[in-house]
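For reference, the structure is listed below as structure tokens.
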Amino acid sequence: MAGSSVTDAFTRYLRAHNLPITHQRLAIADIILGSTEHYSADEVRKALAERGATAGTATVYRTLEVLVKSGLVVERDFGEGFRRYEASRGVPQHEHLLCTQCGRVEEFRDERLDRMTTLIAESHDFARQRHRLVIYGICATCRRAPEAG
Ligand SMILES: [Zn+2]
Ligand SMILES: [Zn+2]
């Protein structure tokens, strides 16, 4: 768990900004930075509990805020009424698919989308900078599951 290079980067950030380096902060960083998932604050708390660690809601939110400020984590708002957090991983822009049943998030990238949004922007006399796309639907697992799930 400790000593991964991404967590080290967070430690350096905390130190450089005179912020307390606590076990909880590092554990939260380790959960998100060591994963490709898109965590809600609630899921972070659960993941902490699974590791036998605990942190109050305020600590979780505060740490997430610091992680976003550090640039190591990206904040996402998929219009669910809460934010999600994913490691930035140096990953270029990507889009998301969100299962409205289980909340699972998948990522994809498609160059055709970049080309198409450029064309659309140009046809509206826009110099394209970026775009954001979320596809809402039901994932394969949920579609296969019996109705009760
Ligand atoms: Zn699903
Ligand atoms: Zn993502």
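Summary table
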quantity	calculated
Whole-Å semi-axes of the ellipsoid equivalent to the stretch 95-144 (Cα gyration tensor, √5λ, descending)	29, 9, 8
Range in the chain, longest, excluding exposed chymotrypsin sites (Phe, Trp or Tyr not before Pro) [loop by DSSP; at most 12 other beta-carbon atoms within 10 Å]	1-81
Cα-based convex hull volume of the chain per residue, rounded to whole Å³	155 Å³
Net charge over other residues, Cβ less than 11 angstrom from the Cβ of S35 (K, R count +1; D, E count -1)	-3
Neighbour net charge for L98 - beta-carbon separation under 11 angstrom, K R +1, D E -1	-1
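The numbers here are math on the coordinates, done by the rules we state, and not lab data. Source: prediction; values computed, not measured. Cβ coordinates were reconstructed from backbone atoms using ideal geometry, including for glycine residues, and neighbour counts include every protein chain displayed.
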